[in-house]
Amino acid sequence: MTRSRHDDVVSDVTASRDEATTHEPCGSEPQGSPREEVSARLEEAEVKRDEYLADLQRLAAEFENYRKRAARDQERLVVHAHERLVRELLPILDDLERALEAAERHEEPALVDGVKLVEQSLRKALVKEGLVEIETDGPFDPHVHEALLSQSQEGAEPGSVLEVVQRGYRLGDRVVRPARVIVAE
C-alpha cells in the first residue's frame, strides 16, 4: 500500500499529540489543569452569585413587607387620631344643637349662653389637641402674621400690630393659620 503525503502528516500529528499527553515537561503543571482551575473558579463564582441573588431577593421582599406594614400602621394612626378628635367634638355638636333649639324658641339669653358654651368647649378641645393662639401683641412678624392693610395711628410704633382681624393659630411649631392683622405705618 502506498502512503500519501496526507497520511504521513496525520500520523505525525497523532504521534506528537500522544507524546504530549504522555510526557509532561519538567517543572510545569499538567496540560488541562488551568482549564479545570478556571472551570472550578467559575463554578464557585456562579454559586456565590446565586447566593447573593437569593439574599438580595430576600432583602427586597423584606423591605417591601416593611413598607406595606409601615403604610398600614400610618393609616391606623391617622384613623385613630381622627376618631379621637371626632369623639372630642361630638359633645360640642350636642351643645350647638341645644343652642339652635333655644334660638328657635326665641330664648335669647339661652342662645347667647349656648353659643358661649359651644365656643368654650371647642376651644378647650382644640387646645387639648395642641392648638395655640398666635400672639399679636407687639411688632408685626411675617412668619406668623398676615398684614391685611397698614394705617397710621398716633402713638403707635411703626410696624406694630394695631388690630387683629382674624386670630391665628399654631399646632406645635407649625402655623396652621396666620393671624390677619392691621399694621401701623
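Please work out whether segment 28-185 counts as rounded, prolate or oblate from its C-alpha gyration tensor, where a ≥ b ≥ c are the square roots of the eigenvalues and a/c under 1.5 means rounded, while otherwise a/b larger than b/c means prolate and anything else oblate?
Values: a/c = 8.19, a/b = 2.38, b/c = 3.44.
Cα axes put segment 28-185 in the oblate bin.
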Using only Cα atoms, locate the centre of segment 55-69 and the centre of segment 154-171, then give the distance between them in Å, rounded to an integer.
53
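Could you give the length gained on full extension between residue 182 and residue 167, defined as 0.36 nm per residue of separation minus the Cα-Cα distance, in nm?
Taking 0.36 nm per residue and subtracting the Cα distance, the gain is 4.2 nm.
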Net lengthening on full extension, residue 56/residue 77 (0.36 nm per residue, minus Cα-Cα):
4.4 nm
Calc'd 3J(HN,Hα), segment 154-160, phi into Karplus 6.51 cos²θ - 1.76 cosθ + 1.60 (θ = phi - 60°), Hz, glycine/Pro = x, comes to 5, x, 8, 6, x, x, 8
Could you tell me which of rounded, prolate or oblate describes segment 67-152, using a ≥ b ≥ c as the square roots of the eigenvalues of the alpha-carbon gyration tensor, with rounded for a/c under 1.5 and, failing that, prolate when a/b is larger than b/c and oblate otherwise?
oblate
Could you give each residue of segment 39-55 its phi-based ³J(HN,Hα) in whole Hz, using Karplus coefficients 6.51, -1.76, 1.60 with θ = phi - 60°, and x for Gly or Pro?
4, 5, 5, 5, 4, 4, 5, 5, 5, 4, 4, 5, 5, 4, 5, 5, 4
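Just so you know, all these numbers are worked out from the coordinates, no wet-lab data involved. Note that the structure is a prediction, hence the values are computed from the model and not measured.
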